[in-house]
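Every number in this text was worked out from the coordinates using simple rules, so none of it is lab data. Remember, predicted model here, so these are calculated numbers, not experimental data. Virtual Cβ from ideal backbone geometry, glycine too; neighbours counted across all protein chains shown.
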Amino acid sequence: MILRKLSSIFISRCFIRRAVTIPSKFCDRVNISAEKGCDGEELNAVKSRISGNLLVSDNFISEEEETMLYDEVRALLEKRSYQNEHWDDAIHGYRESEKESWSKSCMIVFKRVKEASFDSSHTLLPYVHILDLDSKGFIKPHIDSVKFCGSTIAGLSLLSPSIMRFRHEKFNRVTIDALLPRRSLYICRNAIRYEFTHEILPPELSIWNGDIIGRCRRISLMLRCKPEENSVKAT
Ligand code: OGA
Ligand code: MN
């Protein structure tokens, strides 16, 4: 299982503070906002770190492919029940699994994900991580363990849109929200993967440009690479 390093400072902050001002668009699917008092230098430091390291690709899979992937994970997930709140857990309202062998048609989709997300220097973990969030489920801010996961994480979103929020460990007055539409692919690499916490917001906080996005049950399929040997964490 992929271990998640929780950042307790960020957990308490993300639900309490509300002083987001200066909205600025990074690209269609990424909104950046900075707290009052946050200077341009801090904002630029964050922007330069996300540049090229956070990508969202809409309609990466078709409706038919989404159904096919869902059909293939459903039985596996239904063997488990959703886990409920625990003070130390990174995720609330979830069940998860890992799957190594897939039908040929699913493998074709994963091949496309690999080509879009990884390069020849990466060795992928052999299994796909499947995470099923129920309609109220959410993931608290954390950084994936560097022991088990390398510089790139690629995720497909099934069944529901969601918002993935990022905060830099140091420049934490800047909030980066990525809208992950249903059937999209997101890619996090280098600085965004190592220096920023990421989280999936609960439904009531899943607001995009003022509109509630209607987060419901969401399944993500994540491909990760192995930690690079002697890796210098490239930014
Ligand atoms: C995780 C995680 C994101 C997602 O499982 O560590 O951050 O898209 N998941 O479900
Ligand atoms: Mn994670």
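For a Förster distance of 45 Å, can you work out the FRET efficiency between the beta-carbons of Ser120 and Glu204, rounded to the nearest 0.05?
Working: r = 43 Å, r/R0 = 0.95.
With a Förster radius of 45 Å, E is 0.55.
Exceedance of the 18 Å cut-off in Cα-Cα distance is limited, within the set Lys170/Lys226; Lys79/Lys99; Lys99/Lys226; Lys47/Lys140; Lys99/Lys147, to Lys170/Lys226; Lys47/Lys140; Lys99/Lys147. Fully extending the segment from Ser97 to Lys111 would add 3.0 nm, taking 0.36 nm per residue of separation and subtracting the current Cα-Cα distance. Two numbers describe the Cα atoms of segment 149-205: Rg and Dmax, which are 11.7, 34 Å.
Taking Lys and Arg as +1 and Asp and Glu as -1, the other residues whose beta-carbon sits under 14 Å from that of Gly214 total +3.
Using the Cβ atoms and a cut-off under 12 Å, what net charge is assigned to the surroundings of Pro126, where Lys and Arg are +1 and Asp and Glu are -1?
Local net charge: +1.
Within 9 Å, Cβ to Cβ, of Leu179, how many net charges do the neighbouring residues add up to if Lys/Arg are +1 and Asp/Glu are -1? Spelling it out: positives minus negatives among the neighbours equals -1.
Packing-based ranking of 32-40, 187-195, 126-134 yields 187-195, 126-134, 32-40, ordered from highest to lowest mean Cβ neighbour count within 10 Å. The label point for Lys170 and the one for Asp89, both projected 7 Å from the Cα toward the Cβ, are 3.5 nm apart.
Sorting 119-125, 212-218 by average packing, meaning the other beta carbons within 10 Å per residue, from highest down gives 212-218, 119-125.
Need the full-extension length gain, Asp39 to Asp134, defined as separation in residues times 0.36 nm minus the C-alpha distance. One decimal, nm. Before the final figure, lay out the partial values.
Numbers: separation 95, 0.36 × 95 = 34.20 nm, distance 3.82 nm.
Separation in residues times 0.36 nm, less the Cα-Cα distance, equals 30.4 nm.
Can you compute the FRET efficiency between Lys104 and Phe148 using 1/(1 + (r/R0)^6), with r the Cβ-Cβ distance and R0 = 25 Å? Round to the nearest 0.05. Plugging the Cβ-Cβ distance into 1/(1 + (r/R0)^6) gives 0.35. Working note: Debye formula, equal point scatterers on the alpha-carbon atoms of segment 116-234, no solvent; log10 I(q)/I(0) at q = 0.13, 0.15, 0.16, 0.18 Å⁻¹ is -0.51, -0.68, -0.77, -0.96.
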